[in-house]
Amino acid sequence: MTISTVMVANRGEIAIRVMKTAKRMGMNTVAVYSEADANAAHVRAADQSVCIGPAPVGQSYLRADVILDAAIRLGVDAVHPGYGFLSENANFAEACAEKGIVFIGPSRRAIEVMGDKARAKRAMIEARVPCVPGYQDDDQSLERLTQAALEIGMPVMVKAAAGGGGRGMRLVHDSSELETAIAMAQSEAQNAFGSSELIIEKAIIEPRHVEIQVFADQHGNVVHLGERDCSIQRRHQKVVEESPCPVMTESLRQQMGKAAVDAAKAVNYVGAGTVEFLLDRDGNFYFLEMNTRLQVEHPVTELVTGLDLVEWQLRVARGESLPLEQADIELFGHAIEVRLYAEDPYSGFLPSTGPIRLFELPDLDGFRVDAGVESGDAVSPFYDSMVAKVMAHGETREDARRVLINGLSQGALLGLPNNRDFLLDILKQDAFTKGEATTAFIGQIYGEQPDKPQVSDTAFLVAALAQYSAERLKAKRQSLGVSPELLDWASTGVAKSLFIYEGEFESTVVRIHASAQGMYRCSVNDTTYQVDEVRIDGNTIALNVDGRTVRACFVAEDAATIHVALDSQSVVCTNTAVLPPGANEEVASGTITAPMHGLILSVEVESGQSVAKGQRLAVLEAMKMQHSITAPVDGSVATVAATSGQQVAAGDILIVIEEQDV
């Protein structure tokens, strides 16, 4: 079978990743895009592109009919669905086949069985794959689900039968929480996947999340390519993945590999798939689910096997046999991947949107970046907030960890809140360094959310000297024949500059005194530093602070605000000394605004009602998740501006609370 043109029915980094291999194999590539993605990086990467509708996914990336019409019109031979969107949509797979277009993935039946957690679990029990005790029957009444949970025994996991990514999932420790957890899981599942069906499982406390990469061709050959440990998660969404698993033995790998292969054979699987297991402290493992697509974290396997999994997908889709047999597959070294998200870890991991003013990561040996954005792009409120996957490979786990820390520390994602600093902190934690992390890692180390680190004096110095240098160069350009030696001087003597920085930190005063050509005496509040050798190259600044070399990335938002990434610390500083009076005044504490673009699912208070700090006021759906809007203060509701079913933009006023007098 010949495949000359591949359409990628997806966006972002995975679309770019698939196109890269397809082009290397001599294939033409076609990108699809929504109106919001007209200038997106994946569109720029493709040979051809076609608009498939407005920004909301239901009107674009989930429109199988529109995508297939475009594929036929452009003479596409095969469609690669990536992950998410239509990748595990059985109807889409079937529709492709009916139109004579190759769907790069498994059959309709495999998707249907494995895409439904209840059916999948029943199939795995029949195939004698180890499973977690639980309830996966058709009766979905509240009474039966509650009864099943009580019969299984607390704690339990309430999980959406369809979909994944942590949506429609709740851990319940106490029976009094069951009804609320079931109702919330059903609502979230219905909104995310169009099905409110749930399963109940016994919660395995503090397991490792270990998955096996499987591959099958159209000739009945099935192999596994080793494992990935994906235990570090927040809200059941993976944050860090690695291979091999730190506690894996060859015997255990063979057992889990065989179970994964048996799972694939049970549904006559074809293509790339991942069988996920929970691994307990005693070495017992239990089937969790099978993802019938290429995983986000597939590069981890590529790095330790030296194989291109997208190439394997394309070869299998052409009808070829698997390139290797099980005995030929070997693992080399260690690989670690982190997911770089546009989200604020210090505000409950709230997704963030807006312009990317600077995105830079270094070119290092053993360091790989799969990104879906570039500097100047924007993160849309309509889609998932992951912007890149950053990974490292080394001979040992420690080698890989060090390379990953080094690469992240030298880079920057500036312009909107993101988790770069949080990822660096994870990689430096003792439990991670020792390979001891389980699915409880983030909760145990950080609780509900990590504490925001205190901004270092060095970060303020970098911000001030970058802004000072910019003004210095501006003055030079506006002057005629000024000697460089005079740039740090004014008519009254040595130039002095004052910076009063405001942001998510205490007000900080920085003073710069040019003591000699290229040398500065600087102070941050009451502490004095000697700075020299200031060098700026594009968005990178290097300087010597008290004999210590410092390097950082920065980008100016405007004359007052600068974004800085220094080692493992990113900060936004606004110099209020150059702002007009009143420009930096804050909104009243009782005014609740939308944290991002989204849909108001419910409003749970009314005007005149008394509320307590922390009480839920409304529920906002954005970026595939439901977010509770809570009261920041005690008081009474003065205004309710939001209504259920309303689309809101970031910053829109939702509710105003009249703060209670203390």
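A few comments on the model shown:
- Subset of segment 235-256 that is buried (at least 21 other Cβ atoms within 10 Å of the Cβ) and under 21 Å from residue 444 (Cβ atoms) - its residue that is farthest from the chain's Cα centre (by Cα): 245
- Count of segment 295-314 residues which are touching an Asp or Glu at 6+ places or on another chain (Cβ under 7 Å) and not in a helix (DSSP H, G or I): 2
- Residue 119 vs. criteria touching a helix residue (DSSP H, G or I) at 6+ places or on another chain (Cβ under 9 Å), under 28 Å from residue 272 (Cα atoms) and charged (D, E, K, R): yes
- Some residue of segment 181-192 being hydroxyl-bearing (Ser, Thr, Tyr), touching a helix residue (DSSP H, G or I) at 6+ places or on another chain (Cβ under 6 Å) and on the phi < 0 side of the Ramachandran plot: no
- From the options 202, 159, residue that is basic (Lys, Arg) and either more than 17 Å from residue 288 (Cα to Cα) or surrounded by fewer than 21 Cβ atoms within 10 Å (Cβ to Cβ) (or both): 202
- Count of residues meeting criterion [crowded, with 16+ Cβ neighbours inside 10 Å, part of a strand (DSSP E or B) and touching a residue at least 24 places away in the same chain (Cβ under 8 Å)] in segment 619-651: 11
- Looking only at residues of segment 1-22 that are out of contact with any strand residue (DSSP E or B) (no Cβ under 6 Å at 6 or more places or on another chain) and part of a helix (DSSP H, G or I), we find that the one that is farthest from residue 383 (Cα to Cα) is 21.
- A search for C-beta distances below 6 Å between a residue of segment 303-330 that is within 18 Å of residue 104 (Cα to Cα) and in contact (Cβ under 8 Å) with a residue 40 or more places away in the chain and any residue that is acidic (Asp, Glu) and buried (at least 17 other Cβ atoms within 10 Å of the Cβ), counting only pairs 6+ apart in sequence or on different chains, returns 309/302; 316/217; 321/217; 322/217.
- Within segment 334-370, tally of residues that are under 12 Å from residue 420 (Cβ atoms) and acidic (Asp, Glu): 3
- Residues in segment 5-38 that are in contact with a Pro (Cβ under 6 Å, 6 or more places away or on another chain) and among the small types (Gly, Ala, Ser): 9 alone.
- Strands (runs of 3 or more DSSP E) enclosed by segment 162-242 - at least 2 residues per element that are in contact with an Asp or Glu (Cβ under 8 Å, 6 or more places away or on another chain) and in contact (Cβ under 8 Å) with a residue 24 or more places away in the chain: 208-216, 222-234
Readers should treat all values here as calculations from the given coordinates under stated rules, not as data from a laboratory. Because the structure is a prediction, the values reported are computed rather than measured. Please note: Cβ atoms are built from the backbone with ideal geometry, for glycine as well, and neighbour counts cover all protein chains shown.
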